Number of protein chains: 2
Amino acid sequence: MGIELQNHQSHHEEAGPTEEPISRWLINTPEPPSMWQELAGYIRTNVLAKKKHRRNNTKNSSSNPVYSCLKSVFPILSWGRQYKLNFFKKDLMAGLTLASLCIPQSIGYANLAGLDPEYGLYTSVVPPLIYSTMGTSRELAIGPVAVVSLLLSSMVRDIQDPVTDPIAYRKIVFTVTFFAGALGFLVDFLSHAALVGFMAGAAIVIGLQQLKGLFGLSHFTNKTDVVSVVSSVFHSLHHPWQPLNFVIGSAFLIFILLARFIGKRNKKLFWIPAMAPLISVVLATLIVYLTNAETRGVKIVKHIKPGFNQLSVNQLQFKSPHLGQIAKIGLISAIIALTEAIAVGRSFATIKGYRLDGNKEMMAMGFMNIAGSLSSCYVATGSFSRTAVNFSAGCETVVSNIVMAITVMISLEVLTRFLYFTPTAILASIILSALPGLIDVSSALHIWKLDKLDFLVLIAAFFGVLFASVEIGLLLAVGISFARIMLSSIRPNIEALGRLSKTDIFGDINQYPMANKTPGLLTLRISSPLLCFANANFIRDRILNSVREVEEEENEQEVTKENGLQVVILDMSYVMGVDTSGVVALEELHQELASNDIRLVVASPRWRVLHKWKRAKLDEKLKSENIYMTVGEAVDVYVRARSTSHDLC
Amino acid sequence: MGIELQNHQSHHEEAGPTEEPISRWLINTPEPPSMWQELAGYIRTNVLAKKKHRRNNTKNSSSNPVYSCLKSVFPILSWGRQYKLNFFKKDLMAGLTLASLCIPQSIGYANLAGLDPEYGLYTSVVPPLIYSTMGTSRELAIGPVAVVSLLLSSMVRDIQDPVTDPIAYRKIVFTVTFFAGALGFLVDFLSHAALVGFMAGAAIVIGLQQLKGLFGLSHFTNKTDVVSVVSSVFHSLHHPWQPLNFVIGSAFLIFILLARFIGKRNKKLFWIPAMAPLISVVLATLIVYLTNAETRGVKIVKHIKPGFNQLSVNQLQFKSPHLGQIAKIGLISAIIALTEAIAVGRSFATIKGYRLDGNKEMMAMGFMNIAGSLSSCYVATGSFSRTAVNFSAGCETVVSNIVMAITVMISLEVLTRFLYFTPTAILASIILSALPGLIDVSSALHIWKLDKLDFLVLIAAFFGVLFASVEIGLLLAVGISFARIMLSSIRPNIEALGRLSKTDIFGDINQYPMANKTPGLLTLRISSPLLCFANANFIRDRILNSVREVEEEENEQEVTKENGLQVVILDMSYVMGVDTSGVVALEELHQELASNDIRLVVASPRWRVLHKWKRAKLDEKLKSENIYMTVGEAVDVYVRARSTSHDLC
């Protein structure tokens, strides 16, 4: 080595009058908490934190801990006290509008889910009631939704055919609903891009499946991909089919779309598109009833069981041999349902300027689905189309959900007999009319502009759902999203750093082309939070390659050994943790560089990393004079040592 | 807001005489490379790099690019020129010693893999020859190994039973070998800890399975877990069994272990333990032949097909309905085989002071297994026990592997007739004697001391293999390892920072308890390389919780609003990338803080992050005067603005 790098009381420019080098601070930090202490700390901050950090609106009142705990679980206890009569007027109107849209949609979605119509209505009763006590959104309209209904029917069908044994099928659906509630805390796994792609794909698939109802076809494929559905439609059209179904369905579809057009033109007429589905149902049912059209091939809903929700506790299938698969379907439904609901709720909360509490939402939706599974409901969540109607109708609080649930409950008693003659084609039209809202082209464009990889996720989800299956579409999207996260960990960037002139800042020389390199020094930064088995060899090889490149350049320029590369400064400030492979890789790097007469200097290693080195006795090999607090300090020491040795020459 | 934070020409302490604030540099960085440019760059550095960075030993010669490319693929062309006669003397001795150990081991391992004995010998011919031309290790002894043999038989057995149709079984094994070669580049997925645990578990399983041979049992379980094997041994012992097998097997096991004891006592007698297995085979075979012991129940090897390796190209089953499963077994074998071989090769390379080239090793092993699959070999890799013998025997280069391969080839012609009478119990003894080397207690202890989570991975692999199956053990280990990486990404740390007195350094206040907080400021750092869908909500909530905690503390201490929290400085230097969810989360954070009269200031955002904000127009909302180059700059500006406003008061 040409130059001796000693830790000779290196005053950092800013270290002031103290004689002690600042890297002493680094070496003498306290022992980091052990794994158990950390785990305990994690539980303390994440599980018990809610109590501590909850904001008391009325600061000195309610010192009762039980009551304040109840208030945190049931936000209705907080805002219920300030509820006013003129709020209720608005909520009542919104709730009634909501119910008029909800009743036909619920029947249609139950049909899509492979269940009898009454189960859709049940799902619009219990879950909204539970949500209204626990949720934090003011606009979210709870109930069955199209995408989750499709998801359920396409996945549960693999376990049990709904046609051959509808009772067994229903039991499995309830069990899935239970799991969807119990596993609801595992969200955050679907990116916004994946959701946009998935919803668009699902909307198209659902739309194609409605052709069955619209054409009144009897034979239809169980698969959900576009190719199977389209070919099934073509096959069926060769058989005799009933044009009357199509006439009724498309006539009312046009009516609903017209109503929506009017609603869009004049925002005050929002109730026209909201009421249109119910009006269509009533009109179509009357027409069929009066003309006896059911005898001329028009398919009708037939019997709907009247009465309230029934208990379904004893129908849950926890001893089923397919329990694993059932839990998986529950998990997938929960992820889709919650991600959608929170996205919808959040976007309306932003408009009104309040904040949705993600954790409380998760808990509310979990409980409402568990309660639903015990009372003959299937998976409920926040519906996009109904939430928009609720918002336009001027709802103030979730009381509109309560109004809606009670209205549906009453209609379950009163209306079911009337719905006997409702043509199924009208249900198809109602579902079809709700689908365009699920295809969010502007979001897709925004994602394309912002992040190409996110767009790839979107496209994968979209085409996966369209051409393979719901499951594969989701798997693709989640797989690509997580592969990206993994990739940033297993193939991290190694940045070359340079000093920004006249400052003590060292920046990536790609980001700051004006940054200066110090001759004789190579300053590199590992930009990964972990130095572990999955990237340790890669990082070591990349650093050695960088050194080799510099040496080759020096060879070409015929730099003398004395002026050549002498020190590699490794900025480890980003590396939060290291495992055994990481320690070994650093040891090898140190050895390899030493065998080439290059000294390895480590700058700003983190707490845990440093203490692990101490345990592995790596700090003895590296020697503590090769560990510095900052890159700046390490560079300064080197430059000073070099100039001293040049002076001596 | 009490204080106006303007970007009024903030001179950083060290910014020197220039009037321009340094954060201008940040805003005016060049556009980062697009995804395509990055991809091209990645390919350039990672695929084509080898050519550029290869070091020419003879600098001015060999300007021929084809020859230099060949040299990089076949290192033998480089070192072969300097090969000397006295190297060969040593390699010849080492090679012969190796062969004497390799022949009995190969027969035993083939038996373990469910194949006829000659296939073990074949595997000791072609792969070592290929490896010797392409590998970079000088000591690694190539051939069949115990753990991979167990792996193959336990996993291929699920597709095809070796007893009912050995030819079909063999075909699948060759196809697996092909995939093990073709998929060999996908290593780096098994941590050292997982390997240690897996090998120890596998050694115990293999040892228990040898009880079958040692006791001469006929009925034996196909499962590999301890419970099945032990109960199978007990069941079998109730049936009549042949004690002569046990006598021969355990007598020679004692002989081999004694020989090893002598070899350990005196390092010069290393050849005694190396020769002991071959001597045992010869002696045992002679004893059986002379005493006709095979008529008294001693199980013997019987027919071994004489002759060299035969082509097996037409036996590869690429049209098998189980192709996916076959590829999976190939991948698992490759991961285990390569991780073991590279670990073994690296440890001996470190002793001799040279460096193994991981990429070349991967390529060499890939090619040797593909070539092996075409010439009746099964998966070969570097054997731990034989590499140690090779090293002790003083090998200089991989020529010892060539000598070994030729010796095995000759014995395939000459010896096979003689091996007819070899008792199978002796093979069990030879396998058993090699197992203790696979159980690495000192590594396990080292891992326990260093990293508890790595030790958990080790334990999971160990007990998984022992009590469930080889596959589950591996899955557990890989799963836990990757869950840890994922967890650091989806639940990153949010560190509170403080200034180290009299410096410009901001450190984690847990690591540096002496760091000072600036009143009125909260400085936080996101320690995750990605701000994305999987952690964006978590990070936003954690930051808001920290703000709330500070506010509650202030409330308790009755701090006036003017002296309370006014600015949150978010250090984003660690965040290398951001996706659409990340942009939205930051936007929400900005809004939420603004609604509480707190200003969000971002310090040192990275290149890509900044440019993505520009595209999302987030920088307009945040306003560029709230973006600073460093935390220090942001704090200084705040402190100066505050003191100015106090002066005005």
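Normalising the average separation of contacting C-alpha pairs (under 8 angstrom, six or more residues apart) by the number of residues puts the relative contact order of the stretch B:87-440 at 43 percent. Between amide H atoms placed 1.01 Å from N, distances below 5 Å from B:Ala603 occur with B:Leu570, B:Asp571, B:Met572, B:Tyr628, all of them 5 or more places distant or on a separate chain. Annotation: amide H of A:Ile300 within the under-5 Å range of A:Thr424, sequence separation 5 or more or interchain, hydrogens built in the peptide plane.
Relative to the other identical copies, B:Lys623 shows label-point distances of 5.3 nm, where the label point lies 7 Å from Cα along the Cβ direction and values run shortest first. Taking the helices alone, the protein assembly as shown has a mean residue ellipticity at 222 nm of -19500 deg cm²/dmol, built from -39,500 (n - 2.57) per DSSP H run of at least 4 residues and averaged over all its residues.
Checking the a/c ratio against 1.5 first, then a/b against b/c, what shape does the Cα gyration tensor give for the stretch B:87-440? Rounded shape, in that the Cα axes give a/c under 1.5.
Using θ = phi - 60° in the Karplus curve 6.51 cos²θ - 1.76 cosθ + 1.60, the 3J(HN,Hα) couplings for the stretch A:103-118 round to 4, x, 5, 4, 5, x, 5, 4, 4, 4, 7, x, 10, 5, x, 4 Hz; x is entered for Gly and Pro. Cα-based values for chain A, radius of gyration first and Dmax second, are 32.6, 112 Å. Think of the stretch B:87-440 as a dipole: +1 on every Lys or Arg Cβ, -1 on every Asp or Glu Cβ, centred on the Cα centre; then among B:Ser124, B:Leu338, B:Val379, B:Ser124 lies furthest on the positive end.
Could you tell me which residue out of B:Ala594, B:Ser442, B:Leu217 lies farthest along the dipole of chain B toward its positive end? Charges go on the beta carbon: Lys and Arg +1, Asp and Glu -1, centred on the Cα centre. The listed residue farthest towards the positive side: B:Leu217. Scaling against 2.2 N^0.38 Å puts the C-alpha radius of gyration of the stretch A:504-649 at 1.04. Relative contact order of the stretch B:493-648, please, whole-number percent, based on alpha carbon pairs below 8 angstrom and at least 6 residues apart. Once normalised by length, the contact order is 22 percent. Inter-chain Cβ neighbour count for A:501-514, averaged per residue, equals 6 (cutoff 10 Å, partner chain atoms only). Calculate how steeply helix A:35-46 sits against the longest principal axis of the alpha-carbon atoms of chain A, using the helix alpha-carbon long axis, and give the answer as 0 to 90 degrees to the nearest 10. Between helix and principal axis, roughly 40 degrees.
Peptide A:532-540 has a mean of 5 when you count, residue by residue, the C-beta atoms of other protein chains within 10 Å of its C-beta. Each Lys and Arg adds +1 at its Cβ and each Asp and Glu adds -1 at its Cβ; summed about the Cα centre, chain A shows a dipole of about 3740 debye. Pairs of Cα atoms nearer than 8 Å and 6+ residues apart set the relative contact order; for chain A it is 21 percent. The long axis of helix A:580-595 is offset from the longest Cα principal axis of chain A by roughly 30 degrees. Between copies, the label points at B:Lys319 (set 7 angstrom from Cα along Cα-to-Cβ) are spaced 4.9 nm, reported in nanometres from shortest to longest.
Would you mind telling me the antiparallel percentage of the DSSP bridges in chain B, rounded to 5? The answer is about 45 percent antiparallel. Converting the Cα gyration tensor eigenvalues of the protein assembly as shown into ellipsoid dimensions via √(5λ) gives semi-axes, longest first, of 60, 47, 26 Å.
With its label point put 7 Å out from Cα toward Cβ, B:Leu475 sits 1.4 nm from the same residue's point in the other copies, in order from shortest. Across the stretch B:155-160, computed HN-Hα scalar couplings (Karplus, 6.51 cos²θ - 1.76 cosθ + 1.60, θ = phi - 60°) run 8, 5, 4, 5, 8, 8 Hz from first to last residue, x flagging Gly and Pro.
Inside 10 Å of the C-beta atoms of B:356-368, what's the mean count of C-beta atoms belonging to other chains? Mean number of neighbouring Cβ atoms from other chains: 1.
In this structure, the residue pairs whose Cα-Cα separation is over 29 Å, taken from A:Lys449/B:Lys517; A:Lys352/B:Lys612; A:Lys171/A:Lys299; B:Lys264/B:Lys352; A:Lys612/B:Lys352, are A:Lys449/B:Lys517.
FYI, it's all coordinate maths here, none of it is from the lab. The structure presented is a predicted model; accordingly, all values stated were derived computationally and were not measured. All Cβ positions, glycine included, derive from the backbone under ideal geometry; neighbour counts span all protein chains shown.
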